[in-house]
Each structure stands twice: as C-alpha cells, then as structure tokens.
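This report concerns only the one structure given below.
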Amino acid sequence: MKFTCERSILLKEIAIAQEIISSKNAISILSNIYLEAENDSLIIKATNIKVNFETRVPVMVEEAGSTTVFGEKFLGILNSIPDGELEFDQKDMRIIIKPTQRKIKFQLKSIASDKFPEFPVPNNNDAFDLPVKDFKEMIQQTVFAVSDDETRYFMNGVFFEKQTDKLIMVATDGRRLAYIDKPVGANIKDFAGIIVPPKILNTIMRWAGDEGFVSISITDKIIFIQFGSYQLSSVLIEGQFPNYHRVIPESQSYSFSMNRLEMLDALKRVSLLVEQKSRRVYLGVSPGLMSISSEESDIGTAKEEIPCKYEGEDVSMALNYRYIEEPLKVMSEVEISVHFTEPNKVITIKPAPEKDFFHILMPMQLD
C-alpha cells in the first residue's frame, strides 16, 4: 500500500477514530486504526467492539492495499508534523510516514488488516432522515443526564423512541430527567424504544456540523447513524428503561422565572463554597427576588440575590447545584421558568416561552 495525502485532511478523521478506540496502551487490533487505500480514496475504520466508526477521505493512491496501525501513536505523529503533503508506504509489517517537504521519517509497526473485526451492515430500507441540527439539539438536551451507575445499566444511555408523530429522547439518573421531542412526518416507521449509549451520541455532537441530514437505521440490537462521509454504529443497551411518563407532572401550581445567564453566573459563584459531597444549594424565592446560597461549613458560606418574576408566598427549596447548572448550560434561551407545587416535590425547568424540551429535578432535604 502506498499513497499521498494532505496532513490536515487526514488529521481530523484519525482524531475521531482514536476517540472511538477503547484501549490507548495495549497494542492489539482494537487499539489500531484500519486503513485501506483504493480508487484514490482512503477508508478509515475504528472500533471498540461496541461502537464502530468508518469514513473515507481523498488521497492519491500509487499502490492499493490495507493495514492497521496503532491509533494513539499514529495520531501523535500527525499532530507533530507541520501541514503539507505526506507520503505513506507500507513495507512488510510496518508503515513509513514521511512529509514530502521535510526530512522526517516515522516507521510504525502494523497488524494485518484481515484481523480487524467485520462491521455490521445497516438495513437502509428502514432508514429515516432527520435534520442534523435537530438531532444534535436532542442529544444536547439529554445526554448529560445519563446515569454513570453501572449497576443500573438500563439508565446508562439515552432512551429514543417514536410516538405517533414525534421522536422523543429521554435521559435520567434517577434524581433528574431530561426530555425533548421533535415532530416528524408519517414516513418514519414506528420503532420500539431503544437505549443508545452516550459514546456514539457524544461523537455526533462533537463532529457533526449543523447543515444537512443525519440518516438513522435501527435493528433489534444496533443503531446505525450516517452523516456526511461518516458511518457510525453502536450496540444498544439492553434492559427496560424506567417509565418516564410517571415522573412528568401533569400540572404544577406555581412558577417563577429569571434571566438564564444571571442564574448560571450566580450558581457558579455560590458553588465555590458548596460542600462538594452533597452539592446542595438553597433557593429562596419571594416576589421579585431569588436568593441562592450555600450551607454553612468550616470553609465559609456564599449567598447571592438576583431578580425574578414570582407572585406567591415565600418558599425555600434545596437542590443539587450541578442538576441546575447542567441544563442551564445547554439551553440558549434568554429566560427560563421554574415550576413547582411543593418544595419537596419535583421541580421542572423550562425555557420561557416553553418549547419542546424540559428538565425535571428531585429536590433535596432542606436540612
């Protein structure tokens, strides 16, 4: 195998491939990136067995062939070389990498490409398209709320389903819930709810642009996602996702609203003195004013007041500040509203005016 290509074109694709790989230390086929040169293009593949990545970039092929190279070192080499044209030449069980304009030469040992795992193939007859901007918004509003408790593996991903004319994504860790839906046409076939691991969703968030469409195909055990020149697939998480409908309140009696950035900035300042094990902050709400404070500790305490719109009796509630901060970070609206019935029951954070997503939080004990 022998080919030449621009370093800048190759670097981005190898960076994505390396993010997929599970092992960065042990030299095994799963720590390697698959390269195949043919018809003036280079096919790049990476996998950690559960998540697969494939793309294709233009190159000048002098000799077709394929191999696999250690991804971490390959990426390090590309990062160290200045922009310009690179030559790649496979000899025996190593690949030689040389910039055409500099006297630099790297040799990387390789593993034969026939040892690289085969990728599953999607059933394109069941595929449906979504605007990539909508899909990224759905991921952004939910993926941060996924549980990292491996004993509750069925909450270690984002729930994705179609209900009548809507696509829905939901994530929960048992103490908070993030929900978003998007309208879709009747041409999308119904599919049973699936649990998608966050790795493939975070890859899409990081690397997909905001233009065009994403193509999605789902089988019993795998989700396939394509956008641009990228093809990704992931094994789904098995298990029964919690009945999220039971958590969503039909109505809530009271609400207050405030500027999102003012709330976020105040939280950041007060959290400097929050006890990091409980992460508890106190919200005190009265007509026209909301206070955010940390609990008294050996280090000290913090309190800040910001204006809010509220009509009702004074109320106090305790919340995990991270559970407030993370939704506020992924929202872009100027104003948000907080809905509640009692301080010890679930609260709901929504954009104002309301849109197609919301965030539900369980309060903490006041003392």
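Descriptive notes on the structure:
- Using alpha-carbon coordinates, inclination of helix 321-330 to the longest axis of the chain, degrees: 60
- Cβ-placed point charges (K, R +1; D, E -1), dipole of region 2-115 about Cα centre in debye, nearest 20: 520
- Extension gain (nm, one decimal) between Arg269 and Glu335, 0.36 nm per residue minus Cα-Cα: 21.8 nm
- Residue-normalised convex hull volume from the C-alpha trace of region 254-361: 92 Å³ per residue.
- Along the axis of the charge dipole computed for the chain (Cβ charges of +1 for Lys and Arg, -1 for Asp and Glu, origin at the Cα centre), the listed residues Val281, Ile360, Ser147 are led at the positive end by Ser147.
- Each stretch of four or more DSSP H residues adds -39500 (n - 2.57); spread over every residue of the chain, this sum gives -5000 deg cm²/dmol at 222 nm.
- Evaluated at q = 0.13 Å⁻¹: base-10 log I(q)/I(0), Debye formula over Cα of region 136-230: -0.44
- Cα convex hull volume per residue for region 1-84 (Å³): 79
- Couplings for region 3-8, taken from phi via the Karplus curve 6.51 cos²θ - 1.76 cosθ + 1.60 with θ = phi - 60°, read 7, 10, 7, 7, 4, 5 Hz in order; Gly and Pro are left as x.
- Asn187/Lys105 FRET efficiency (R0 45 Å; Cβ-Cβ; nearest 0.05): 0.25
- Cα-only Debye scattering, the chain: base-10 log of I(q)/I(0) at q = 0.07, 0.15 Å⁻¹: -0.42, -1.19
- Amide hydrogen neighbours beyond the local backbone of Asn32, cut-off 5 Å, H modeled: Gly71
- Region 55-193, Rg to Rh (Cα coordinates; Rh as Kirkwood inverse mean 1/r): 1.14
- Computed extension gain for Asp356 through Leu289, at 0.36 nm per residue and net of the alpha carbon distance, reaches 21.4 nm.
- Basic side chains Lys and Arg get +1 at the Cβ, acidic Asp and Glu get -1 at the Cβ, and with that the dipole of the chain about its Cα centre reaches some 1040 debye.
- With at most 16 other Cβ atoms within 10 Å, longest stretch of the chain clear of loop GluC sites (Glu not before Pro) (DSSP): 1-117
- Other-chain or far-sequence residues with amide H under 5 Å of Arg279's (modelled H): none
Quick note: the coordinates plus some simple rules give every number you see, no bench work behind them. Everything numeric here is computed off the predicted structure, so don't read it as measured data. Backbone-built Cβ (ideal geometry, glycine too); neighbour counts: all protein chains shown.
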